[in-house]
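Notes for the one structure printed next.
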Amino acid sequence: QVQLVESGGGLVQAGGSVRLSCTVSGGSFSTYTMGWFRRAPGKEREFVSSLGWTTRFMAYSDSVKGRFTISRDNGKKTVDLDMANLKPEDTAVYYCAAGPGPAARVTEREYRYWGQGTQVTVSS
């Protein structure tokens, strides 16, 4: 059974930074493409970033490009999302997801496993 657990959310001021981490248990982590999605209050869940088998396969949404960085550690079975220059509109529940590699994937339907989410709140 594959399980994903996010951590690192919380309250941060606008302009600040926060790191989200996702730890995966079960399955074969190195074969997964990993992704981050978010759901803001009153909105549908949206794509944030994805990282495939290598950094050749990486994608970001336009709204976070240049501010967020995704990375993975196959030995630790973790994927991180470093979020900088945060804005109030980044406030959301952030979800980690795993799907088949090797390429980056940007739609929810391409992911098979999901975490429960972690809240990030950016105050102005």
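Can you tell me which residue within the stretch 1-38, out of those that are of a type outside the set (Val, Ile, Thr) and assigned to a helix (DSSP H, G or I), is surrounded by the fewest Cβ atoms within 10 Å (Cβ to Cβ)? Write out each step before concluding.
As a first pass, look at the stretch 1-38 and keep what is of a type outside the set (Val, Ile, Thr): 1, 3-4, 6-11, 13-17, 19-22, 25-30, 32, 34-38.
Filter again for assigned to a helix (DSSP H, G or I), leaving 29-30.
Working: 29: 20, 30: 11.
My answer is 30.
In the stretch 76-84, the condition of being under 15 Å from the mean Cα position of the chain (by Cα), modelled with pLDDT of 95 or more, open to solvent by less than 60 Å² (accessible area, probe 1.4 Å) and over 27 Å from residue 124 (Cβ atoms) is met by at least one residue. Annotation: of all residues in the stretch 40-58 being of a type outside the set (S, T, N, Q) and open to solvent by less than 20 Å² (accessible area, probe 1.4 Å), the one that is farthest from the chain's Cα centre (by Cα) is 52. Kindly indicate whether residue 122 is open to solvent by 40 Å² or more (accessible area, probe 1.4 Å), of a type in the set (Val, Ile, Thr) and out of contact with any Cys (no Cβ under 7 Å at 6 or more places or on another chain). Answer is no for this residue.
Within the stretch 17-49, which residues are over 17 Å from residue 118 (Cα atoms) and in contact (Cβ under 8 Å) with a residue 24 or more places away in the chain? Step through it out loud before you land on a result.
Just the residues of the stretch 17-49 that are over 17 Å from residue 118 (Cα atoms), to begin with: 25-33.
Within the stretch 17-49, 25, 26, 27, 29, 30, 31, 32, 33 qualify.
The values are calculated or read from the model by the stated rules, or taken from the named source; none is laboratory data. Bear in mind the structure is a predicted one, so any value in this text is a computation, not a measurement. Note that each Cβ is placed from the backbone with ideal geometry, even for glycine, and that neighbours are counted across all protein chains shown. Keep in mind that these areas ignore ligands, DNA and RNA; they rest on the heavy atoms of the full protein, side chains included. Shrake-Rupley method; radii C 1.70, N 1.55, O 1.52, S 1.80 Å.
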